[in-house]
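The values are calculated or read from the model by the stated rules, or taken from the named source; none is laboratory data. These figures come from a predicted structure and were not determined experimentally. Here Cβ is always computed from backbone atoms with ideal geometry, including for glycine, and neighbour counts include all displayed protein chains. All accessible areas refer to the heavy atoms of the entire protein, side chains included, with ligands and DNA or RNA removed. Shrake-Rupley method; radii C 1.70, N 1.55, O 1.52, S 1.80 Å.
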Amino acid sequence: MRRALAITAVALLPLANVTAARAAQEPADRQQAFAAAAAEFDVPESVLLGVSYLESRWDAHAGQPSNDAGFGPMHLTDAAAFTGSNHHGEGEEDPRGDETRPLNPHVDPPAPTEIPASLRTMEAAARLTGETHEKLRTDPAANIRGGAALLADHQKALGAPLSDDPGEWYGAVAKYSGAEEAGAAKVFADEVFATIEDGADRVTDDGHRVSLRPVAGLKRIEKWLDKLGLRPARRDGVECPPTISCEWIPAAYQELPPDDYGHYDLADRPASQKVDYIVIHDMEGYWAPSVKLNQDPKWPGSWHYSVRSGDGHIAQQIKTKDVGWHAGNWYVNAKSIGIEHEGFLAEGGTWYTEAMYRTSARLVRYLAIRHGVPLDRAHIIGHDNVPGTLPTTVRGMHEDPGPFWDWARYFELMGAPLHRLGGPRSGSVMIKPDFATNKPYFYGCDRKNPANACPPLPASTVWLRTEPRADAPLVKDIGKHPTGESLYSVYDHSARATTGQRFAVAGRQGDWTAIWYLGQKAWFHNPAAAPTAVPSMGLVVTPKPGLATVPVYGRAYPEQEAYPAGIPYQAVTPLQYTFSAGETYTLSGPAATEYYRAVTFDPAGHRVVKGKTKYLQIQFGHRVMFVKADDVRISFSG
């Protein structure tokens, strides 16, 4: 492949002048940067663009790391300079969420493991290009050079030619994924080559238009993949679609003396009870250590699937028929599947990779169809949308995956895009800011300096205020802050509404819209020129005539008469919030009236108690909650 004349000219300069000359010639345009790097390192431009799209969608992310310490358009990893703790045990939340058998959250995490090569690719990129780590992290053009150099280095190590034919680069692309499993590397390469075949065109987060023209007749020369010597993953029995890389790494199920066990419950779903939710988490840590946590029966929590960031590889760890301890609410745990994603809610203002979004979305769609879970934000929920079980547990509930999770992109990849439904004066709205341009203020991304502002990054949330003006106070959440104010902290969702959530309209004034939220009017900026919400028709609920207030609940447990002898009654305790006459909330659908009694290692004694009381799920605040059907009136909001 011929190199660009400008690059060749740089190579002929005295060594001392090379860096200065290259800096003067580095393209400011992202498309030009890809073209220049491809020419310099003899990599087909389509391959370079395809790899970058699958990692970052060509975004620079303001120099901030991804959730497995990848930086820039080429996702060069520098985990040695980026560390964090693991949230499975942080805070007050008991992941099992059953106050009749509380877990001990004070279990030491495993010792740190050696950082794998896949999380240290920036070291190789720096060696190959002569660029500093700082420049590779913060300069998109330098970062793209680093990725091109890595691809060329992988190609040479395979003994493959530096060919103009993209198909010859199939093995190098698979290697770039960092996967240790043959299936994961192949799925990553297939996704890259599918992107090259389909083409892509978008404007990046920093305003650059980048295009990848479709390449017809593309052949994938898989002999180079065979030379990588990767291990086969154990796939027997995994519940995953065949189009993603998935392996079985079982969580521990073990008796613990004197009278305990860990760390999930055997069940027979959906025969015994239906799965109604899929809960999205992030690990607050890296994939390998988190997978190991799930293999420790003493660890106070468990989940069904673990998703790796860089290549989207998935480990299934609990069968979906069984109940994991992940959501902090036993009712939700008993009726949900938990999926943990590698990375951090906010550490450094991190972002999630396209590879992770794609495989996770395919998994969720597969599971939703298999279990009959609606593909909407009332049933595909974040951990931060799970309600507390009692007034005393509301405050300690977790906040992940946080504001930087792109819910709109996620549902688009599931084939269930979030869209408007209804006219401009509809009685309910769906929150849907433009993720790329919506960059609200947060603080708390820097653990060493928690009061510092986070970098301005795309987010899926809007702030909610007491009045229709930008300097008005945030609305209050008396459960999260019984005596204080809501915070702008990235870890505090008290006054935030998130993409995909539907709320009943409580008022409109100029560029502002009010919704009913936790028993109050909550205003958010929603200008017609750049809307942050779209009309959304659907069912809503109001208190029945004559009722001044309606209790709201964090779980839909049966009435006392439904419990057979030998199974203690679980009190149905209202939360501290007030749903008053005159307020309206969107209806998500009926909620099964069930309590799963599972307190023994032997599942023979497990029982599902079903009641006759009818409950409805509503969007009451940032978290979903429940009301009794007899307390409310249902109507259509058009």
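List of remarks:
- Taken together, 361, 327 contain a single residue that is crowded, with 21+ Cβ neighbours inside 10 Å and not in a loop (DSSP other than H, G, I, E, B), which is 361.
- Unmet criterion (only one of (1) touching a residue at least 12 places away in the same chain (Cβ under 8 Å); (2) more than 30 Å from residue 360 (Cα to Cα); (3) open to solvent by 10 Å² or more (accessible area, probe 1.4 Å)) for residue 491: (2)
- Pairing each residue of the range 626-637 that is open to solvent by 30 Å² or more (accessible area, probe 1.4 Å) with any residue that is in a strand (DSSP E or B) and small (Gly, Ala, Ser), provided the two are 6+ apart or on different chains, yields C-beta distances under 9 Å for 636/538.
- Among residues that are modelled with pLDDT of 85 or more, touching a helix residue (DSSP H, G or I) at 6+ places or on another chain (Cβ under 6 Å) and of a type in the set (Gly, Ala, Ser), residue 70 is not included.
Here's the yes/no breakdown for (1) surrounded by 23 or more Cβ atoms within 10 Å (Cβ to Cβ); (2) under 24 Å from the mean Cα position of the chain (by Cα); (3) not small (Gly, Ala, Ser):
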position: 476; (1), (2), (3): no, no, yes
position: 482; (1), (2), (3): no, no, yes
position: 503; (1), (2), (3): yes, yes, yes
position: 507; (1), (2), (3): no, no, no
position: 519; (1), (2), (3): no, no, no
position: 532; (1), (2), (3): no, yes, yes
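- Flag for residue 369 being among the hydrophobic types (A, V, I, L, M, F, W, C) and open to solvent by less than 10 Å² (accessible area, probe 1.4 Å): no
- Which listed residue is surrounded by fewer than 18 Cβ atoms within 10 Å (Cβ to Cβ) and closer than 21 Å to residue 42 by Cα, from 177, 163: 163
- Members of the range 177-191 found to be over 10 Å from residue 230 (Cα atoms) and part of a loop (DSSP other than H, G, I, E, B), listed by number: 177, 178
- Taking the listed residues 361, 378, 416, the one that is of a type in the set (Gly, Ala, Ser), closer than 17 Å to residue 282 by Cα and out of contact with any Pro (no Cβ under 7 Å at 6 or more places or on another chain) is 361, with no other qualifying.
- Annotation: of all residues in the range 595-623 being in a strand (DSSP E or B) and open to solvent by 20 Å² or more (accessible area, probe 1.4 Å), the one that is farthest from residue 477 (Cα to Cα) is 607.
- Conditions (1) in contact with a strand residue (DSSP E or B) (Cβ under 9 Å, 6 or more places away or on another chain); (2) under 26 Å from residue 32 (Cβ atoms); number of the one not met by residue 184: (2)
- Within the range 423-474, considering residues that are in a loop (DSSP other than H, G, I, E, B), polar (S, T, N, Q) and under 26 Å from residue 588 (Cα atoms), the one nearest to the chain's Cα centre (by Cα): 460
- Selection of the range 228-242 for residues being of a type outside the set (A, V, I, L, M), open to solvent by 40 Å² or more (accessible area, probe 1.4 Å) and touching a helix residue (DSSP H, G or I) at 6+ places or on another chain (Cβ under 6 Å) yields only 232.
- Filtering 384, 400 for residues that are of a type in the set (D, E, K, R), crowded, with 20+ Cβ neighbours inside 10 Å and touching a Pro at 6+ places or on another chain (Cβ under 8 Å) leaves a single hit, 384.
- If you filter the range 512-564 down to residues that are among the charged types (D, E, K, R) and in contact with a strand residue (DSSP E or B) (Cβ under 6 Å, 6 or more places away or on another chain), you find that the one that is farthest from residue 392 (Cα to Cα) is 544.
- Positions within the range 542-594 being in a loop (DSSP other than H, G, I, E, B), touching a Gly at 6+ places or on another chain (Cβ under 8 Å) and among the charged types (D, E, K, R), in sequence order: 559, 583
- Matching residues in the range 243-286 - criterion: being surrounded by 20 or more Cβ atoms within 10 Å (Cβ to Cβ) and of a type in the set (Phe, Trp, Tyr): 264, 277, 286
- Any hit, the range 367-390, residues being without any contact (Cβ under 8 Å) to a residue 60 or more places away in the chain and among the aliphatic types (A, V, I, L, M): yes
- Where a residue in the range 192-211 is part of a loop (DSSP other than H, G, I, E, B) and its partner, wherever it lies, is modelled with pLDDT of 95 or more and of a type in the set (Phe, Trp, Tyr), with Cβ under 7 Å and at least six apart: 204/58
- Taken as a whole, the structure places residue 467 among residues that are of a type in the set (Asp, Glu), touching a residue at least 24 places away in the same chain (Cβ under 8 Å), on the phi < 0 side of the Ramachandran plot and in contact with a Pro (Cβ under 9 Å, 6 or more places away or on another chain).
- When 581, 592 are checked against the criterion of being within 26 Å of residue 96 (Cα to Cα), surrounded by fewer than 20 Cβ atoms within 10 Å (Cβ to Cβ) and not hydroxyl-bearing (Ser, Thr, Tyr), a single residue qualifies: 592.
- Test result for residue 291, surrounded by fewer than 24 Cβ atoms within 10 Å (Cβ to Cβ), within 30 Å of residue 186 (Cα to Cα) and more than 16 Å from the chain's Cα centre (by Cα): yes
- Some residue of the range 299-318 being touching a residue at least 12 places away in the same chain (Cβ under 8 Å), surrounded by fewer than 21 Cβ atoms within 10 Å (Cβ to Cβ) and polar (S, T, N, Q): no
- Qualifying residue in the range 365-381 (condition: assigned to a strand (DSSP E or B), touching a strand residue (DSSP E or B) at 6+ places or on another chain (Cβ under 6 Å) and over 28 Å from residue 638 (Cβ atoms)): no
- Among the candidates 347, 340, the residue that is in contact (Cβ under 8 Å) with a residue 40 or more places away in the chain and open to solvent by 10 Å² or more (accessible area, probe 1.4 Å) is uniquely 347.
- Qualifying positions in the range 310-324 - part of a loop (DSSP other than H, G, I, E, B) and closer than 11 Å to residue 269 by Cα: 319, 320, 321, 322
- One residue stands out among those in the range 192-234 that are among the hydrophobic types (A, V, I, L, M, F, W, C) and in contact with a Pro (Cβ under 7 Å, 6 or more places away or on another chain): the one that is nearest to residue 29 (Cα to Cα), which is 196.
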